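*Asks:* The structure that follows is given in the form of structure tokens.
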Amino acid sequence: MVFKDNPELGEDVPEQIAKDLENVDLAGSHFDVFAKELFTDAFEGHAFILVDMQPKLPDGATLADERASGRRPFWVKYKANQALNWRTETINGETVLTQITFEEKTTEPKGEFGQEEICRYRVFRLFEGRVTWELYRKVTGDQGEDKIISEAKGLTTLDRIPVAVVYGNRTGMLKSTPPLLDLAYLNIAHWQEYSDYRNILHVAQVPILVRKGATQEQQTVEVGVGSTVDVPTDGDLQWCEHTGKAIESGRTELQDLEQRMALMGLSMLAQKTDSNVTATEIRANNLQESSDLSTMARSLQDALEEALGFHAAYYGEKDGGSVELGVAESGIPVDAQTITALITAVSSKLLTPDTFINIIQKAFPGVDLEDEMDRLKLLPGFGQAAPTPQDVNKMKSGVAKIMGAQGPTGVQ
């Protein structure tokens, strides 16, 4: 939903910066791709944008040399767990990042054909109004001990550490929790339940050969298409199968888990408001209630614009411009009544699950209800009777009401 359309740079973004964003990380990533990957990383709690600068040219280099070399700022993504430590201070009433360390792991050649993983630590510090950086490398000493050695260091032209943060569920300065953590736990429960369910199916589908009246010497039996088993007159030979009573309960539990998972995912879209107002009223009054997802989207927009500011600062510019996401913030929240109405429609078999998902993902597009009813008739358990005109009109009225409150109208 957030990236239904690509983010758009504002007209106030300087031309040189807009050009740089075609390859924002100097690894071929376009700004749109970078932003989407960054937003995905934020679902682990939060994620970082570091706006770095290519190495300085040797002493004596001119401005023409620098322009010819293509030296420019570039962006780097870091996940939450890559920030090993940080410090903040209050400067002029503002909480400012004064030190942060990022862990970086890369694979480098070793020998003629081999390779090895290298661990480095990139440290930024703000001291007396200037930002310094240092790069350390983790190596193994002669005695097998870990050692940290300095590889490079330098001074930037910035007065703030060039790091912007996108939060998933902020709990404090550079602190957060994954917004879908409960859903992750349900995924684990679903995997465990499905594993048990598959095991039950295996047991139920594989019968056991039982022979009655065999002596100890006759215990070994060859089972197969081309084999024969001799049974004493008073003996018996038969297949023993699982009754399968536990299969249905396992299947029901899986379905319940899947429904809970779907609803928990949708909870990201639910508006956080205590007032009993409609979605139309919220839009008209421009209230500040928002869903968890729209809050994340706003955090992403703020971080991208802050990174643009750092990018501009490297060029000596005062402002890097603005960004508009591919969806309006007001278009993300879904009120609880709408979600309930849609779920009820699915449960009542008046709406297919596929269409339900499409409605959510596409922010409530128009729906051809006659075609939807035809599709319903083909689904097992949904009945073969053709819909009456009253059924169609009822659905049109209900869905049109939903569409009118939450998205494009024009219901067929």
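*Asks:* Return the loop-located GluC sites (Glu not before Pro) in segment 1-100 (DSSP other than H, G, I, E, B) with at most 10 other Cβ atoms within 10 Å of their own Cβ; answer none if there are none.
*Replies:* On the way: sites: Glu8, Glu11, Glu15, Glu22, Glu37, Glu44, Glu66, Glu89, Glu94; in loops: Glu11.
Answer in residue order: Glu11.
*Asks:* Met268 accessible area, nearest 10 Å², 1.4 Å probe?
*Replies:* Rounded to the nearest 10, that gives 10 Å².
*Asks:* For Trp239, what accessible surface area do you get with a 1.4 Å probe? Give it in Å², rounded to 10.
*Replies:* Using a 1.4 Å probe on the heavy atoms, I get roughly 140 Å².
*Asks:* Next question. Kirkwood hydrodynamic radius (Cα pairs, Å) of segment 69-123?
*Replies:* 14.3 Å
*Asks:* How far apart, in nm, are two points set 7 Å out from the Cα along the Cα-to-Cβ line at Leu263 and at Glu94?
*Replies:* Going from the Leu263 label point to the Glu94 one covers 4.5 nm.
*Asks:* Compute, for Asp196, the solvent-accessible surface of its heavy atoms (probe 1.4 Å) with the complete set of protein chains present, and express it in square angstrom to the nearest 10.
*Replies:* Its heavy atoms expose roughly 90 Å² to the probe.
*Asks:* Largest first, how would Ile148, Ile247 line up by accessible area (1.4 Å probe)?
*Replies:* Most to least solvent-accessible, the answer reads Ile148, Ile247.
*Asks:* Taking 26 Å as the cut-off for C-alpha to C-alpha distance, list the pairs among Lys19/Lys318; Lys36/Lys138; Lys4/Lys79; Lys77/Lys138 that go past it.
*Replies:* Checking Cα-Cα distances, Lys36/Lys138 exceed 26 Å.
*Asks:* With a sphere of radius 13 Å drawn around the Cβ of Tyr197, what net charge do the other residues whose Cβ falls strictly inside it have (Lys, Arg +1; Asp, Glu -1)? Let's see the in-between values first.
*Replies:* Working: positive: Arg198, Arg251; negative: Glu193, Asp196, Glu248, Glu253, Asp256, Glu258.
Its environment carries a net charge of -4.
*Asks:* Step through the residues of segment 114-128 one at a time and calculate ³J(HN,Hα) from phi using the Karplus curve (6.51 cos²θ - 1.76 cosθ + 1.60, θ = phi - 60°), rounding each to whole Hz and writing x for Gly and Pro.
*Replies:* 3J(HN,Hα) across segment 114-128, in whole Hz: x, 8, 9, 8, 10, 10, 10, 10, 9, 10, 10, 9, 10, 9, 6.
The values are calculated or read from the model by the stated rules, or taken from the named source; none is laboratory data. The shown structure was predicted, so the numbers you read here are calculated from the model rather than taken from an experiment. So basically every Cβ, Gly included, is an ideal-geometry build from the backbone, and we count neighbours across all protein chains shown. Note: areas computed on protein heavy atoms with side chains; ligands, DNA, RNA excluded. Shrake-Rupley method; radii C 1.70, N 1.55, O 1.52, S 1.80 Å.
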